[in-house]
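The structure under discussion appears below in the form of structure tokens.
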Amino acid sequence: MRLRKIPQRKCVACQEMMPKKELIRIVRSPLGEIQIDLTGKKPGRGAYLCGKVACFKLAKKSKAFERALKTPVGADIYDRLEAEFIQVEDVFQASKELEQGDDNGE
């Protein structure tokens with residue numbers, strides 16, 4: 001059986017290449033709404049971030065979302081995303097650890 005290629009994506013803040021499943025996706029929907037996409041399957045243009053608040057703050061400071069999503073991102077959107085990111089961070093880290101535990105058990 002052939003090994004499947006693991007899709008790689010780059011964190012817009014720290015520029016580190018990682019497997020897609022280890023990153024959190026921020027998506028700009030076709031309607032222009034910007035939100036966090038934990039499934040990675042919502043339609044629209046995406047930007048990927050490590051699951052660290054420090055990377056989110058660096059992306060905010062360097063306006064990385066504006067470049068990656070190709071749209072202006074206001075301060076109010078950054079504030080809303082930061083609050084959502086902090087809430088989602090614990091869930092994301094727990095699911096990542098759970099997946100790593102499943103991989104080690106096989």
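The values are calculated or read from the model by the stated rules, or taken from the named source; none is laboratory data. This one's a predicted model, so the numbers in the text were calculated from it and none came from an experiment. We place every Cβ from the backbone using ideal geometry, glycine too, and count neighbours over all the protein chains shown. Surface accessibility is based on the protein's heavy atoms, side chains included, excluding ligands, DNA and RNA. Shrake-Rupley method; radii C 1.70, N 1.55, O 1.52, S 1.80 Å.
Observations, loosely collected:
- Look at the range 27-48: where a residue is over 20 Å from residue 7 (Cα atoms) and free of Cβ contacts under 8 Å to residues at least 40 places away in the same chain and a partner is among the polar types (S, T, N, Q) and open to solvent by 40 Å² or more (accessible area, probe 1.4 Å), sitting 6+ places away or on another chain with Cβ atoms under 8 Å, you get 29/35.
- Evaluation of residue 38 against (1) under 21 Å from residue 96 (Cα atoms); (2) touching a strand residue (DSSP E or B) at 6+ places or on another chain (Cβ under 6 Å); (3) of a type outside the set (Ser, Thr, Tyr) (one fails), failing number: (2)
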